[in-house]
Structures are given as structure tokens and as C-alpha cells.
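J.: Can you read through this structure? Questions will come right after.
The values are calculated or read from the model by the stated rules, or taken from the named source; none is laboratory data. This structure is a prediction, so every number in the text was calculated from the model and none was measured. Backbone-built Cβ (ideal geometry, glycine too); neighbour counts: all protein chains shown.
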Amino acid sequence: MIILRRAGLALVTVVAVAVLGGCASETEGRALPGADAVASTTTTPAPATSRSTTASTTAADLDLEVDVEPGDCVALGGAVDAATIDNADCGSRTSNYKVVDVVTSSDECSEDIDQTYFETLWGVETGALCLDIDWKVGECMDLGGEDPQRIDCSATAILGEKVSEILTGTSDVNECSFSDSGYVYDERNFVVCTDSF
């Protein structure tokens, strides 16, 4: 399995760049960062768009490499040409992404997700996982590497973020009670309030 990706997370914007390879004769997995998840001190909510998803679909239904369903977590990692994906307990040291949705094609994912993992056979997508960072209140993530990594809040980080609260029903980072910044998911209308360290 080969996953091709390149991602950079910045304090102002989660910027996505993907490197896609050619066709292969076996199933290949790929990860592509989401385009619209934003970290900011202020934000103007974008109008929400509706997408139909099939919440009852599981990775097993699509014969994906990892057997997950929405709400499960994974450990996504590895190098650009040798990435790995595996099941992980949400909130655990190894978990870095939570499955938002399991879909047949990555273009069915919400635009504000953090990462898309998809597999191809002969260059055609055979299934995809829509993924968000596995944020947990009171926990810290280092977003400065190839993939987010859960770390001790006292550790040195490249781009450390401590989650103070997760607000639903809003895309206004100014509603954060304890933090001056956060990651805005405007399409799905929630904010992860964070403090950088």
C-alpha cells in the first residue's frame, strides 16, 4: 500500500497540497489533506453547503485496508511513498485522526475536513475515509510534522495546540471562552478552541 501526500499546517490556515502518483495494478491508499479547515483568531463563517453522505457505510463495505466506521479513530502516518493506516483508540497516544465519514469517493467528503484517505485500484478510487484531527479537550497535539501527533502538553512542539473546548452550532472562534484562537470547521459548524504553545 502506498500513500502519497504532503501537508503543511499553519496557524492561520491549514493548507493542503497533494502529490498523486500514477496507476498501479494493486490497491493503493492515498491521503489528501482537506482544504478548508482554518485556524484563526477571527473568522467570517462561509455559507454551509449540504452534501449527502451514507453514515451506514463502513470501510468493510468498501473493502478498504482498515476496517472503520464513522466515529472510529485511526493512526495515519509513514513517509510519502510508504504511508501506513491502522485502527487506533480515540484519544490514545497513537490516534491522530477520527473518521467523519466513509464514502465511495473522496470528493463526497465535506470540504472542511482535515484529511482524506482513499484507496485506488487501477487508478480508480475504490473507497475513502473523511478524517478530522482527533481533538480531545485538555489534550495537546503537535501539528508541525507530516501528521498531527498527540503529545504531552509540557513537551516541546513545532506547532503545539492545547484544546480548551469544542463548540458545536457555531463557526465563530470569538465564542471560545478560554482561548483566543481555534480551528474553524465552517461547513459542519463547529470550532475547536485551542491555545498555541
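J.: Step by step: first the residues of the stretch 115-144, then only those that are surrounded by fewer than 19 Cβ atoms within 10 Å (Cβ to Cβ) and of a type in the set (Val, Ile, Thr), then the one that is farthest from Asp67 (Cα to Cα). Which residue is that?
T.: Val137
For every residue, the table says whether it meets (1) within 27 Å of Asp61 (Cβ to Cβ); (2) assigned by TED's automatic domain parsing to the domain that holds Val66.
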site: Val100; (1), (2): yes, yes
site: Asp112; (1), (2): yes, yes
site: Thr120; (1), (2): yes, yes
site: Ala128; (1), (2): yes, yes
site: Asp147; (1), (2): yes, no
site: Thr156; (1), (2): no, no
site: Thr168; (1), (2): no, no
site: Val184; (1), (2): no, no
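J.: Next question, about the same structure. Considering only residues that are assigned to a loop (DSSP other than H, G, I, E, B) and crowded, with 17+ Cβ neighbours inside 10 Å, which ones fall in the stretch 150-166?
T.: Ala157, Leu159
J.: Hey, another quick one. Using beta carbons and a limit of 6 Å, which pairs, at least six apart or on different chains, have the first residue in the stretch 144-159 and at pLDDT below 95 and the second one crowded, with 17+ Cβ neighbours inside 10 Å and not in a loop (DSSP other than H, G, I, E, B)?
T.: Asp147/Leu76; Asp147/Gly77
J.: Out of Asp147, Asp195, Asp112, I need the residue that is part of a strand (DSSP E or B) and buried (at least 17 other Cβ atoms within 10 Å of the Cβ). Which one?
T.: Asp195
J.: Which of the residues that make up the stretch 93-109 are outside any loop (DSSP other than H, G, I, E, B), of a type outside the set (A, V, I, L, M) and under 13 Å from the mean Cα position of the chain (by Cα)?
T.: Hits for the stretch 93-109 are Tyr97, Lys98, Asp101, Ser106.
J.: Oh, and also: Pairs under 8 Å by beta carbon, first residue part of a loop (DSSP other than H, G, I, E, B) in the stretch 121-136, partner of a type in the set (Phe, Trp, Tyr), six or more apart or different chains?
T.: Asp134/Tyr97; Trp135/Tyr183
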